[in-house]
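Chemist: Attaching a single structure in structure tokens format; questions to follow.
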Amino acid sequence: MSKKAILKHHENFEDNIENIIKYGLDIITDKLSHKKEEKGKQEKSMLLEGLLLRSCALWESFVEHELVLLVSLDPTNLKKEKGLPQNIKLNVKLIRALLFCDRYRTYCNIEQSKSALKKLLAEEYNLFNEIRKEQKKKTTFIYKMRNYLSHYSAFSRKQLFIAYDKTFHRRRFLEPGLFLMKERGKYFENLIHNFKMMSISMKQRLED
């Protein structure tokens, strides 16, 4: 697998994130309405929550495929981790099977997956190390929202409430969609754009 293919993978992901941001801001400002009627706050809130969930899904898919591509550049660590002879040839399909086909795995939380990624990737190609601390913090917050929207459990609500206070100094609970709408989509744009910024940080090493 070439570095050019990996850069293309980043480009496609970043374009998808930009499209989500544009669509979300159009929803907030009613630019999508062909009539004079504006979408209600509840409808906008639900649409933005859906876009946040889609963004998280795109990030998870991006990370999974990125890991496969990066391992393909140097599969030494994967072979060692799986107890395979170093002279065995591994293509992308085999790498994906070794990484993901025996059970469900996700590496979307880069901080929590740091040690696992280190075991699988050669240091030279571990682009996940380029993701900045502030970017990881924003992703952690987004996933508090994502977990709440996925479960609506008391525990996930409490965790999101704590995150509101810790990250944005807000001591009143808001449903995610209402929070994302505030200040004409300032929080929505900033949080979703963080996915693109992580991709940009990662690929800089390949472009140097």
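The values are calculated or read from the model by the stated rules, or taken from the named source; none is laboratory data. The model shown is predicted, which means the values in this text are computed figures rather than measured ones. Ideal geometry is used to build each Cβ from the backbone, glycine not excepted, and the neighbour counts take in all protein chains shown.
Chemist: Conditions first: (1) in contact with a His (Cβ under 8 Å, 6 or more places away or on another chain); (2) exposed (fewer than 14 other Cβ atoms within 10 Å of the Cβ); (3) of a type outside the set (Val, Ile, Thr). Ser150 passes all but one, so which condition is the exception?
Modeler: (1)
Chemist: Further question: State the number of residues belonging to segment 168-186 that are touching a residue at least 12 places away in the same chain (Cβ under 8 Å), assigned to a helix (DSSP H, G or I) and surrounded by fewer than 16 Cβ atoms within 10 Å (Cβ to Cβ).
Modeler: 3
To keep it simple, each residue is scored yes or no on (1) over 30 Å from Lys3 (Cα atoms); (2) among the hydrophobic types (A, V, I, L, M, F, W, C).
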position: Ile142; (1), (2): no, yes
position: Tyr148; (1), (2): yes, no
position: Phe155; (1), (2): yes, yes
position: Phe161; (1), (2): yes, yes
position: Gly185; (1), (2): yes, no
position: Phe195; (1), (2): no, yes
position: Ile200; (1), (2): no, yes
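Chemist: Here's something else I'd like to know. When you check Lys203 against the structure, is it of a type outside the set (Phe, Trp, Tyr), within 17 Å of the chain's Cα centre (by Cα), at pLDDT below 95 and over 25 Å from Glu43 (Cβ atoms), yes or no?
Modeler: For Lys203, the condition - of a type outside the set (Phe, Trp, Tyr), within 17 Å of the chain's Cα centre (by Cα), at pLDDT below 95 and over 25 Å from Glu43 (Cβ atoms) - is met.
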